[in-house]
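The values are calculated or read from the model by the stated rules, or taken from the named source; none is laboratory data. Please read all numbers here as calculations on a predicted model, not as lab measurements. No Cβ is skipped: glycine too gets one built from the backbone with ideal geometry, and neighbour counts run over all protein chains shown.
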Amino acid sequence: MKNRLSLVVIVILVALAASCGPRKPPDLPAEEIINRSVERMKSLKGFHFLIDRSGEPAYLDAAEQFAFRRAEGEFVSPDKAIASVRIITPGVVGEIQAVGIGDRYWETNYLTGNWEELPSGMGFNPAVLFDPEVGLQPILQSDLSEITVLDPVEIEELPDKFLYHLRGKIAGENLYTMSYGLMGPDTMDVEIWIDPNSFDVIRVLITQLHPEKTEPTIWQVDFWNFDKVVDIEPPPVAAP
C-alpha cells in the first residue's frame, strides 16, 4: 500500500513539474511568424534596443578611423531615438551620444563632447534603423528568404521561456542604405528569436561574411521594455 501511494505521489509530482515548466509554442509557418512580428513591431509605442557588433570591424567613416562597436538606447514611435554609441579608434575606445528626431540628427563631438546638429545622411541616426517605412520592420517583411523554423529555444536572458527560432538569408541592399553602409550590401545569414505569446522580436543576429578576411562581422540586435515611452527632445546646441 505504501509503495502504491509513493508511486502515485511521484506521478503527481512529475505531472506538476511538467505543467510548471516552459511550454513549447504552437507550430506556425515561418511567413506567419514573421508577418505577425512585423505588425507587432510597427504597433509598438517604443522599446529599448541594443546593437552589438563583434568580429571584423565596421567603420563609420571612409578613412576607416572610427569603428562602430555598439549602440544602446530608446526608440519612440514613429521617428525618435536616443542612443549611446561606442566607437573604437586606433588605441582608444570612446562613446558619443546621438539623438534622432525625424530627419534631424544630433551627436556629441568625439573630442569635445559638445552637441552638434549634422546634415541628414551623416552620422549614425538610430531613429532611421527602426523607421516604419525604411527601417528594420519592412526589411524583415520584404528582404528575408530561405527562412526555416528551427526547434523552439530558451536564451540566457529569458530563462524558462521557449522562443520561436528562425534562420535564413537577408538581402543586404536596403540594410546597407538604412545602416549608412555598416551592413551589406551582399546577402547575409540571419537568425531571429520571437516571443510566441506577444510576437515581439527579441533578438536578430546577422552574420556578414568577408571573402577577403578571416572573420565575419556579427550584428546582434536585442529588444526589450516593449511599449515603454521616454521623452526625447532636441539636445542643447551651443550657438556658433
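Of 50, 111, which residue is of a type outside the set (D, E, K, R), out of contact with any helix residue (DSSP H, G or I) (no Cβ under 6 Å at 6 or more places or on another chain) and either buried (at least 17 other Cβ atoms within 10 Å of the Cβ) or outside any strand (DSSP E or B) (or both)? Please lay out each step first, then the result.
Numbers: 50 fails: either buried (at least 17 other Cβ atoms within 10 Å of the Cβ) or outside any strand (DSSP E or B) (or both).
Only one candidate qualifies: 111.
Tally up the residues in the range 188-220 that are farther than 21 Å from residue 35 by Cβ, assigned to a loop (DSSP other than H, G, I, E, B) and touching a strand residue (DSSP E or B) at 6+ places or on another chain (Cβ under 8 Å), please.
4
Take the residues in the range 164-192 that are out of contact with any Ser or Thr (no Cβ under 9 Å at 6 or more places or on another chain) and of a type outside the set (D, E, K, R), then tell me which one is farthest from residue 123 (Cα to Cα).
Taking the candidates together, the pick is 165.
In this structure, is residue 236 in contact (Cβ under 8 Å) with a residue 40 or more places away in the chain, surrounded by fewer than 14 Cβ atoms within 10 Å (Cβ to Cβ) and not in a strand (DSSP E or B)?
On the way: in contact (Cβ under 8 Å) with a residue 40 or more places away in the chain: yes; surrounded by fewer than 14 Cβ atoms within 10 Å (Cβ to Cβ): yes; not in a strand (DSSP E or B): yes.
So residue 236 passes the test.
If you go through the range 146-166 one residue at a time, do you hit one that is closer than 24 Å to residue 78 by Cβ and within 16 Å of the chain's Cα centre (by Cα)?
Residues of the range 146-166 that are closer than 24 Å to residue 78 by Cβ, as a first pass: none.
So far as the range 146-166 goes, no, none of its residues is closer than 24 Å to residue 78 by Cβ and within 16 Å of the chain's Cα centre (by Cα).
Using the structure shown, decide if residue 159 is out of contact with any Phe, Trp or Tyr (no Cβ under 9 Å at 6 or more places or on another chain), at pLDDT below 90 and of a type outside the set (Lys, Arg).
Numbers: out of contact with any Phe, Trp or Tyr (no Cβ under 9 Å at 6 or more places or on another chain): yes; at pLDDT below 90: yes; of a type outside the set (Lys, Arg): yes.
It is true that residue 159 is out of contact with any Phe, Trp or Tyr (no Cβ under 9 Å at 6 or more places or on another chain), at pLDDT below 90 and of a type outside the set (Lys, Arg).
Given the condition at negative phi, surrounded by 20 or more Cβ atoms within 10 Å (Cβ to Cβ) and of a type in the set (Gly, Ala, Ser), answer yes or no: does some residue in the range 77-90 qualify?
yes
Is there a residue being more than 30 Å from residue 158 (Cβ to Cβ) and outside any loop (DSSP other than H, G, I, E, B) anywhere in the range 118-126?
Let us first name the residues in the range 118-126 that are more than 30 Å from residue 158 (Cβ to Cβ), namely 118-123.
From what is left, the residues that are outside any loop (DSSP other than H, G, I, E, B) are 118.
Checked against the condition, which is being more than 30 Å from residue 158 (Cβ to Cβ) and outside any loop (DSSP other than H, G, I, E, B), the range 118-126 yields at least one hit.
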